[in-house]
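Everything on this sheet refers to the single structure shown next.
Laboratory data are not the source of any read-out in this text; all were calculated from the coordinates shown. Given the structure is predicted, the values throughout are model-derived calculations rather than measurements. Here the Cβ positions follow ideal geometry from the backbone for every residue, glycine too, while neighbour counts run over all protein chains shown.
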Amino acid sequence: MPKTAATLLALLCLMLLSLPMSAQLVPHGNVYLGASYADSYDVTVRYPFKGWNASAEAIPLSRYSFVGLVFDASGLYNNTHGVTQYNFVLGARLAHAYGKWRPFVHAMAGVQIASVNDVRYHPLAVDFGGGVDYKLPFRNFSWRLQADYVHTHLLSASQNDVRASTGIVYRF
């Protein structure tokens, strides 16, 4: 019985003493949801879009906390011309915190699902961009401003999209 009590007391002490240390750990990732505005340029036409952007970032290596693995998804809509775009990309993000600011850059690749009047296209997409997170006074929340350049190529046509997004980030 005394051995069990000593073991439980030691375990309880370890758990209670580790609570202050958990605030010093590097965050393991974040999720983002925001509004997105884009301009798409294909061969001869410019299309303005409005939509949403969401991403999830995992920071798998605590020793290299400036490197993250990112999955980004977005939906962009132009109701005037009946054009819809969905982007699903995966890649790496480099970021570093300076006080309340956390600037970042990323490079990702994936697929774009474009629909024009119910005809679907599935070109490969390459996304380069960056932005900044500003830590809000609420616990674990930040505000993000982000800009991206998305390039797609289908058959002999290239499409260049410029996207700006803003929204809320939750860090865990």
### Message
Tell me which of Tyr37, Ala147, Ala58 sits at the most positive position along the dipole axis of segment 26-171, charges placed on C-beta atoms (Lys, Arg +1; Asp, Glu -1).
### Response
Ala58
### Query
Relative contact order for segment 26-171 using alpha-carbon pairs under 8 Å, separation at least 6, rounded to a whole percent?
23 percent
### Task
Sum up the charges of everything whose Cβ sits under 13 Å from the Cβ of Phe172, counting Lys and Arg as +1 and Asp and Glu as -1, but leave Phe172 out.
+1
### Query
What is the spin-label model distance, in nm, from Arg139 to Ser65 if the labels are put 7 Å beyond Cα along the C-beta direction?
1.8 nm
### Cleavage-rule hits (trypsin sites (Lys or Arg not before Pro)) in segment 96-159: DSSP loop, at most 12 neighbouring Cβ within 10 angstrom
Lys100, Arg139
### Message
Could you tell me the calculated FRET efficiency between Ala147 and Ala97, based on Cβ-Cβ distance and R0 = 22 angstrom, to the nearest 0.05?
### Response
0.70
### Query
In what order do Ser65, Ser36, Ser165 fall by count of nearby beta-carbon atoms within 10 Å, going from fewest to most?
Ser65, Ser36, Ser165
### Around Val89: net Lys/Arg minus Asp/Glu count, Cβ-Cβ under 15 Å
-3
### Radius 15 Å from Cβ of Ile113, net charge of other residues (Lys, Arg +1; Asp, Glu -1)
-3
### Query
If you put +1 on each Lys and Arg Cβ and -1 on each Asp and Glu Cβ, how big is the dipole of segment 26-171 around its Cα centre, in Debye rounded to 20?
620 debye
